[in-house]
1. Amide H to amide H under 5 Å from CYS70: which residues, 5+ apart in sequence or cross-chain, H placed 1.01 Å off N in plane?
2. Once the other residues with Cβ under 10 Å from the Cβ of ALA85 are scored (Lys, Arg +1; Asp, Glu -1), what is the net sum?
3. Carbon and sulfur: what percent of region 26-95's accessible surface (1.4 Å probe)?
4. Obtain the radius of gyration and the Kirkwood radius of region 5-92 from its C-alpha atoms and give Rg over Rh.
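The values are calculated or read from the model by the stated rules, or taken from the named source; none is laboratory data. Quick caveat, the model's predicted, so the values are computed rather than measured. Backbone-built Cβ (ideal geometry, glycine too); neighbour counts: all protein chains shown. Only protein heavy atoms, including side chains, enter the accessible area calculation; ligands, DNA and RNA are left aside. Shrake-Rupley method; radii C 1.70, N 1.55, O 1.52, S 1.80 Å.
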Amino acid sequence: MRESNKYANDIISVLCEAGDNGLPVRKIALHVYNTCNTLFTPVLIDDIYNSVRQWLNANSQSCDSLVRRCDKRGYYKINTSSQAAQQLMLEFSDDNYEPSLQEEPQNIEPEMGFLFDDML
């Protein structure tokens, strides 16, 4: 990656979730805004939009870049032919891993207890 950005991980995760269709810059910025904006650290959407736009522009210049432009104007997606992108896709897929719940079903029957059973 050419340029470091405090929103880089959020941008990459949004683009990984978007898949092969990609997303427009405005939607990427909106997702990043929703992730980063909190009650105690408010941020402006315009600041995030400019930062996301600059990062996408800087990281989509070469053919081996992490991000590439789509056919539609203003749309970006992960460059799946890039070595860095393939490694990041593996890392993000590991983060989203949830163990399967295919274990043997247990017969758990709720006990019909009352709040004051011990007083009877």
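1. TYR75, TYR76, LYS77
2. In short, +1.
3. Of the solvent-accessible surface of region 26-95, carbon and sulfur hold 50 percent.
4. Rounded to two decimals, Rg over Rh is 0.96.
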